[in-house]
Amino acid sequence: MLSRTIWVCAVLALAAPQACWCAAKVHTVALGSVRHEPYSAAGDPAGAQKEEKLLNVRPLVVDGKVREWTTGDVHEVTERSFAVRRAVRLNDSLPGDRGAKWVWQRGPWVLVDRGSGKVTALHLPDFDPAVSTVIWFRDYAAYCGVKASGKHLYAVVAQVAARRPLMAKKLQAWDAANHESPVCAPAVWQRDPLKVTFQASGADPVSFDLVGTSAVLVEDGDNENE
């Protein structure tokens with residue numbers, strides 16, 4: 001019976017691809033309940049608030065299995081994909097310590113495709129967990145960043161699926177050992193005309209127009225089942 005079903009589906013795929021549904025795999029993607037985990041900002045480069053004692057984490061469940069742990073708000077990029085930040089459980093034990101000592105940290109951002117169940121790590125150029133607070137709009141991420149040279153603070157706009165930043169502009173000189181906290185106020189988006197405003201601590205706000213941009217996100221299909 002199974003062989004006949006596969007044969008019928010192959011014939012349908014040739015004659016009318018839209019009618020071939022029998023081999024399609026339906027994925028389930030969900031976020032589980034929030035857990036409150038002991039947390040110390042001193043052990044996390046992304047910890048901005050020293051008084052923070054708990055980190056709210058929740059599992060990302062794909063097809064009934066926990067794929068990642070996440071923290072913070074979800075940003076809906078499209079009707080089938082969303083961005084969320086990973087929560088990483090890191091072994092903090094020193095050589096010679098008995099047993100593992102697990103601590104939680106805020107990790108990088110990931111893109112989750114509800115249709116395919118695929119989880120993709122997002123590369124945000126010049127992202128620094130101790131500096132960058134990402135503010136999303138559409139498939140754009142705006143944040144303050146620091147390049148590898150570490151000499152200047154930048155206003156950065158990244159775009160999902162784009163390799164290079166859409167925009168990277170110098171804001172001011174950067175001293176990693178001596179700076180205000182938070183480093184920047186959250187970026188402010190404007191829709192029409194498309195504009196984003198940055199404000200480094202102790203500086204005036206600076207606005208940038210984004211001209212001639214469009215979404216570059218291409219969502220994956222279930223290629224293995226087509």
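Every read-out reported here was derived from the displayed coordinates using simple, explicitly stated rules and does not represent laboratory data. All figures in this text were calculated on a predicted structure; none of them were measured in a lab.
Worth pointing out:
- Working from Cα pairs under 8 Å separated by at least six residues, relative contact order for region 25-122 is 25 percent.
- Of LYS53/LYS151; LYS101/LYS151; LYS118/LYS147; LYS53/LYS169; LYS169/LYS195, those spanning more than 23 Å from alpha-carbon to alpha-carbon: LYS53/LYS151; LYS101/LYS151; LYS118/LYS147; LYS53/LYS169
- Convex hull of Cα atoms in region 150-196, direction-averaged projection (nm²): 4.3 nm²
- Kirkwood estimate for region 123-220, i.e. one over the average of 1/r between Cα atoms, Å: 13.7 Å
- The H on the amide N of SER81, modeled in the peptide plane, is under 5 Å from the matching H of ARG114, each at least 5 residues off or on a different chain.
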